[in-house]
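Report on one structure; see the data block that follows.
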Amino acid sequence: MKVIVCENYDEMSAKAFEVMKELLDAKKDAVLGLATGSSPVGLYKEMIQYHKDGYSYKDIKSYNLDEYVGIDRKDPQSYYTFMYENLFKDIDIDLNNTHVPFGSTEADCKAYEDALSEVSIDLQVLGIGQNGHIGFNEPGTPFETLTHIVDLTENTREANARFFDNDINKVPTQAISMGIGTIMKSKKVLLVANGENKADAVKAMIEGPIDTACAASALQNHADVVVVLDKAAASKLTK
């Protein structure tokens, strides 16, 4: 696990894009695993700028980590809308090559997992939750889990209430998410985290035991992980 500590969010985003750019330049038809949340937005802005500078994403495919259960794809808070507004609409990716999980049943989970089994994700972008979740894999999720329906913890729903008029009652109670086992199949993982509120989770991921209490600690077992942090997120690391 390679850990890079940056001064601030903008530097973190630029450094994360350096990792992404290496793949984009080497493989024009790369398969990207993408994440939502505030942490990767700066990275996506860098990707958009690269397109404005002349790079084409027309042969790139993308597969997103997760989506809320029970809200329409066109809902402003859906992760499908998030990806469209923060990346897809500003680059030339074929929307038919973009994939965001959707549904609420075991059949929906199997369909997404089957689609993922037909490709190999070259680079999986991740954020990390305050409780150490990656995707929506909450504490206690078995590491071998594949795409599944998740009951969201109160901690996660509270953290996401800011997107729902600060009303936790408006936050969905379930999500469909790639499992930890699915994420671990990626050839390379790029995790970005910023802010002091992520410091405990970052410490548990990097320095803590490999334990389902911190889903992200599973990444210690992955052969190629780059973690890019701002100083605040790295503030509790001892090494």
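So the values come out like this:
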{"item": "In the stretch 11-61, residue nearest to the chain's Cα centre (by Cα) [restricted to those that are assigned to a loop (DSSP other than H, G, I, E, B) and aliphatic (A, V, I, L, M)]", "result": "A35"}
{"item": "Filtered residues of the stretch 187-209 (kept if outside any helix (DSSP H, G or I) and either among the hydroxyl-bearing types (S, T, Y) or closer than 15 Å to T238 by Cβ (or both))", "result": "G208, P209"}
{"item": "Members of the stretch 77-111 that are open to solvent by less than 20 Å² (accessible area, probe 1.4 Å), in a helix (DSSP H, G or I), of a type outside the set (A, V, I, L, M) and within 12 Å of D66 (Cβ to Cβ)", "result": "C109"}
{"item": "Matching residues in the stretch 1-10 - criterion: being within 15 Å of V226 (Cα to Cα), open to solvent by 10 Å² or more (accessible area, probe 1.4 Å) and not in a loop (DSSP other than H, G, I, E, B)", "result": "K2, V3, I4, V5"}
{"item": "Filtered residues of the stretch 186-197 (kept if within 11 Å of I128 (Cβ to Cβ) and open to solvent by 30 Å² or more (accessible area, probe 1.4 Å))", "result": "N194, N197"}
{"item": "Breaking point among (1) in contact with a Pro (Cβ under 6 Å, 6 or more places away or on another chain); (2) over 30 Å from A233 (Cβ atoms); (3) of a type outside the set (A, V, I, L, M, F, W, C), for K58", "result": "(1)"}
{"item": "Cross-chain or 6+ apart pairs with Cβ under 6 Å, the stretch 48-67 first and open to solvent by 50 Å² or more (accessible area, probe 1.4 Å), then modelled with pLDDT under 95", "result": "none"}
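The values are calculated or read from the model by the stated rules, or taken from the named source; none is laboratory data. As the structure is a computational prediction, the values presented were derived from the model and not from experiment. Positions of Cβ are generated from backbone atoms using ideal geometry, with glycine treated the same way; all protein chains shown enter the neighbour counts. Just the protein is used for accessible areas: all its heavy atoms, side chains included, with ligands, DNA and RNA removed. Shrake-Rupley method; radii C 1.70, N 1.55, O 1.52, S 1.80 Å.
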